[in-house]
Structure formats: C-alpha cells, structure tokens
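Rule-based calculations on the coordinates, nothing more; no lab input. Note that this is a predicted model, so its numbers are computed, not measured. Neighbour counts are summed over all protein chains in view; Cβ atoms, including those assigned to glycine, are modelled from backbone coordinates with ideal geometry.
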Amino acid sequence: MGVNLTMARERGQLVFLEGLKSAVDIFFQAQEKPHPLQFLREANAGNLKPLFEFVREALKPVDSGEAGWTYPVLLVDDLSVLLSLGLGAVAVLDFIHYCRATVCWELKGNVVVLVHDSGDVEDEENDILLNGLSHQSHLILRAEGLATGFCRDVHGQLRILWRRPSQSTSQRDQSLTYQYKIQDRSVSFFAKGMSPAVL
Amino acid sequence: MLDSLLALGGLVLLRDSVEWEGRSLLKALVKKSALCGEQVHILGCEVSEEEFREGFDSDINNRLVYHDFFRDPLNWSKTGEALPGGPLGALRAMCNRTDLGPVTIALDSLSWLLLHLPCTTLCQTLHTVSHQDSCPGDGSPVGKVHVLGLLHEELHGPGPMGALSSLAQTEVTLGGIMGQASARILCRRPRQRPTDQTQWFSILPDFSLDLQEGPSIESQPHSDPHIPPVDPTAHLTFNLHLSKKEREARDNLTLPFQFSSEKQEALLRPRPSQATSHIFYEPDAYDDLDQEDPDDDLDI
C-alpha cells in the first residue's frame, strides 16, 4: 500500500507484537516480568490484563522532548484466535473494553479489530464475542462471499453499518453494501452489479 | 404508550440488537425523567461519560449523576480511582438511599452486569432496588423508583433473559422495518392483564421522542410513479395467443398415437393400393450365395 513498515518500526511509529513468536518465547525463555501472553501458562481461563498493559506501555509517550505520535491506531488480528487458545469471550471483551478506554477515550485514537463469524457452525462463545464487539463498535464492516458463489472478477461483498446514534436523524440510512476485487496492492470497490468486468 | 413508560415504577427492560440499537431510546427516557424533575443516576459501564452526556443540554446534564465504570471497571489500573465495590456496590448503595424523591436509575448496560456478575445476585439486587415501597424505619412512603436496563438480546441465553423478564414490569423490544424504528411494549400492571403494543418512533438529535404512525406506503420503494409499468407481452416476435381458425384446426387434429376406431379399421384391413416393398440386393464377390434355407432343419 505504499507505506514502509520497516522504517516506521525503526522510528517507533509502529509497534508490532508477533503473537506466534511471542507465544513460543513464553515457553522456552525465562520471564522476569509478566509476558503479554501470560494466559498461555495459566491453568484456568485467565484474563488479558498483561496484554493490555503491553498495549498501554507501547502507547506511552517517549520522554525525548519531541512531540510524540498522536491519535494512535490499535489493530488486532485476530480475536477469534484468542478464543481458540482457551480464553472466555467475556475476558476478550474486557480486553477490548480497556483498549477502547485507553486508545479511543484517553488518546482519541481508533481501535480496529478483526473477528471471524462462525457462520453456520454453532459456536456460542464466538457468537457472544462477535455480538458483544458489535455492540461496542461505532462502525461494523462485514466482508462476505457472494451469495451466488465464486467469481473471478468480484471477490466478495462488504456491508458497512454505522452505529453512532448521536450523530444521526435518519439513522437507518447508515447501512451500505459494496462489492470488491482484491488486487496486488490495493482493493477496488464498486456498487453492486457495477463491476467493470460485467458492464 | 412509549411516552408513558415511566408512569409505572419498577424495572423497564430495553432489549436491543446490533441492527437496532437501544442507547438512544435509553437517553431519550433519561431526558424525559430529568425534565420531570426526577433525580437520575446513570451506571455507565459501556460508554464514556462524555459520550453518554453528548447531545444533552446543560440543564439536563446537571440533573444526571454519572457513576463511571467505563474507565476501570475491573480495577486493573489499581490506582485507587475505581469506585469501591464496583457496579454491584453502587447498585446496592442505591437500595439504601436516604432521600425520598422519585428517582430514575439507568443501567448502561444490564448486559455488561449480567456478563460479569452471577445472574442470581444481579436479579436479587434489581428486585430490591426496583421494589422500594417504604423507607425502613419510619414507614413514610418513598418516591417511585424507575430502573431502566439496556439489554443486548443476542448476548444472553434464554435462562437469564427469562429471569430478567419475570422481574420486569415493562419490556420494550426494539426493531423496525426499512429504516423506521419500532418498539414492542409488553406491560405487566398488577391486577391487570398484560398489554402488548407496537409503537413506531424516531429519536430527534436532542434526544426527544418523536412518535410516529408507522412506515407510510409511499415510502416503500417498489412502485415508482414516473415510470409506467412496461407490458412484457407487447412487441413480441412470436404469437402468444391463437386465432379462432387456428384453434379450430388444433382441435380437429388427431394425435398420432391416439387409438381411434378409424385407425383400428385401417390397420385391420390392408389397403389394396399399397404396393409391396422391394429389396434390391447386389451380391459382393465374397458373398456366399447358398440357396439352401438354413432353417430347414427346424421342425416348426
């Protein structure tokens, strides 16, 4: 997308927690302080307080006298994995709640979270997580395949739902559907049925 | 009906969903209570105080007492800023209030409480808060208590939902059609039959309630008066209908496999004009022309 992530990481603009690598560290290296993924070592269903503290530490302004980075964005990819690792849906929701309080309310930033819909499979915990997150969100983007099946030129459909009640009178105009095609480094969007391939 | 929800005391459940959110209605009812001169307590667990107060003017905001459980509900920061006892402690404290005027308690949200507290504890506390009839001790009547609980339907199973329903005097379920919001109001008054009504409404930007008649027929998108409906049977390159002559000819036709009496006679009586068929045979060089009939030895 034209952004140099390596340089951003070196400048301190990007902080990246690689879950897989970090999870291996927790088992094979001695930890002096609580590890962000400490819950993996606990026998009972724990909470994500250490992970939240990692996020909060990463967002603390650097004491170098320069102006720090403003309006942070927290990207979480993806929360459904945490459910598979044994955490309860409420623990994950609490983590996102605290992230919202710090990133959105305190630092005026944004939180973007990816979660998978279990679809036809009955997964109660995932449904609680998905619905709980939806209720906490101001904007929901639902990406799904086309109802008619696979298409080479239209990869899927995106439904956009705004849930920001205080800004609207005609609240229900705030649901839109677009179709999209994923290209090499970008995504192109078009209205339903208006793909350049079929016009 | 929606604007007289607060006339009864007790617990009012506002059941919302992802598609039809209920916080605006909660805020509209909170505004109504504040305008009636009641004291309003908000137990805020899901949104920040600023976000909840957004849209209210200052005289409403001055009447709202906000108990902030958004910033640190589980006491993770351990700075001592979190209110002691958590949301349950605050709710229990409201059972022991000393002032006697009418009060409205808004729970934002009851779902958050139900996910974090045992259902029985929550139900017992809600029952105590919403049924404060008389002040213990001097017996003088206490003003009505209205408890408004915002409940996200999809998050809870039938057990807890049923328990809360049985505690509630009024249940409002939010829904809608084609951009128009509706509230289905189930009301249980003591010694009266429960009533079930649907009210269409919208919430104005200042959080006043605008009651409406329902989705109007003209707003439905399927008929556009500017484009006349096209007759698909006009201008075709084939016939869809038969003329009279064509219909008669069709009726007089006998089907090839229909066995009528004329056909039966024709088959039984060979026609004399019918010529016998001929077979022309040109033998090849390798053909063995044996005049002897191979079937001669059969004894038929």
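How much length is gained on full extension from B:R188 to B:R250, taking 0.36 nm per residue of separation minus their Cα-Cα distance?
Gain on extension, B:R188 to B:R250, equals 15.3 nm.
Let me check I've understood the local charge: for A:D153, count other residues with C-beta under 14 angstrom from its C-beta, Lys and Arg +1, Asp and Glu -1. What total comes out?
+3
Two-decimal Rg/Rh of chain B from alpha-carbon positions, Kirkwood Rh?
1.59
Which order do B:R23, B:R63, A:R164 fall in if you start with the one that has the fewest other Cβ atoms within 10 Å?
Ascending number of Cβ neighbours within 10 Å: A:R164, B:R63, B:R23.
Can you tell me the length gained on complete extension of the stretch B:S166 to B:S243, counting 0.36 nm per residue apart and subtracting the Cα distance?
Value of the extension gain: 20.6 nm.
For chain B, what does the relative contact order come out to in percent, with C-alpha contacts under 8 Å and a separation of six or more?
Reported as a whole number, the value is 21 percent.
Of B:F56, B:V12, B:L88, which is farthest along the charge dipole of the protein assembly as shown in the positive direction, counting Lys and Arg as +1 and Asp and Glu as -1 at C-beta?
B:F56
Give me, ordered by chain and number, the residues 5 or more places off B:R189 or on other chains with an amide H under 5 Å from its own placed amide H.
Under 5 Å from the amide H of B:R189: B:T195.
Can you give the Rg to Rh ratio of the protein assembly as shown, both from alpha-carbon atoms, with Rh computed by the Kirkwood formula?
Rounded to two decimals, Rg/Rh equals 1.27.
Where both residues lie in chain B, what percent of DSSP beta bridges are antiparallel, nearest 5?
Here the antiparallel bridges make up roughly 45 percent for chain B.
Most mobile of B:D196, B:D231, B:D288 per a Gaussian network model of chain B (Cα springs, under 10 Å)?
B:D288
Highest GNM mean-square fluctuation, chain B, Cα pairs closer than 10 Å: which of B:P102, B:P229, B:P87?
Top of the fluctuation ranking is B:P229.
For the Cα atoms of chain B, what angle does the longest principal axis make with the long axis of helix B:23-35, in degrees from 0 to 90, nearest 10?
Here the helix axis deviates by roughly 30 degrees.
Assign unit charges at the C-beta atoms only (+1 for Lys and Arg, -1 for Asp and Glu), then state the dipole size of chain B relative to its Cα centre in Debye, rounded to the nearest 20.
3480 debye
Taking chain B as the reference, fit the longest principal axis to its C-alpha atoms, fit the long axis of helix B:119-130 to the helix C-alpha atoms, and give the angle between the two in degrees, 0 to 90, nearest 10.
Long axis of B:119-130 versus the principal axis of chain B: about 50 degrees.
When a footprinting reagent is the concern and you count Cβ atoms within 10 Å, what order do B:T198, B:T173, A:T148, B:T120 take, fewest first?
A:T148, B:T120, B:T198, B:T173
Could you tell me the calculated FRET efficiency between A:R164 and A:L17, based on Cβ-Cβ distance and R0 = 51 angstrom, to the nearest 0.05?
Computed FRET efficiency for A:R164 and A:L17 comes out at 0.95.
Do you know the relative contact order of chain A, to the nearest whole percent, from alpha carbon pairs under 8 angstrom that are 6+ apart?
Relative contact order for chain A comes out at 13 percent.
Starting from 0.36 nm per residue, how many nanometres of slack lie between A:L40 and A:S118 once their C-alpha separation is accounted for?
25.8 nm
Quick check: net charge around A:Q179, other residues with Cβ under 15 Å of its Cβ, Lys/Arg +1 and Asp/Glu -1?
Every neighbour counted, the sum reads +3.
Nearest 0.05, what FRET efficiency do B:N75 and B:C36 give at R0 = 30 Å with Cβ-Cβ as r?
Efficiency for this residue pair is about 0.25.
Please list, in order along the stretch B:259-267, the HN-Hα scalar couplings obtained from phi with the Karplus expression 6.51 cos²θ - 1.76 cosθ + 1.60 (θ = phi - 60°), rounded to whole Hz, x for Gly and Pro.
Computed from phi, the couplings for the stretch B:259-267 are 8, 9, 5, 5, 5, 4, 5, 5, 6 Hz.
Non-local amide H neighbours of A:G109 (under 5 Å, H modeled in plane, Pro and chain starts lacking H): which ones?
A:C104
Rank the residues A:Y178, A:Y71 as a footprinting-exposure proxy: fewest other Cβ atoms within 10 Å of their Cβ go first.
Least to most surrounded, the residues fall as A:Y71, A:Y178.
Skipping prolines and chain starts, which residues have an amide H placed within reach, meaning under 5 Å, of the one on A:G156, given they are 5 or more residues away or on another chain?
Those lying under 5 Å, H to H, from A:G156 are A:Y180.
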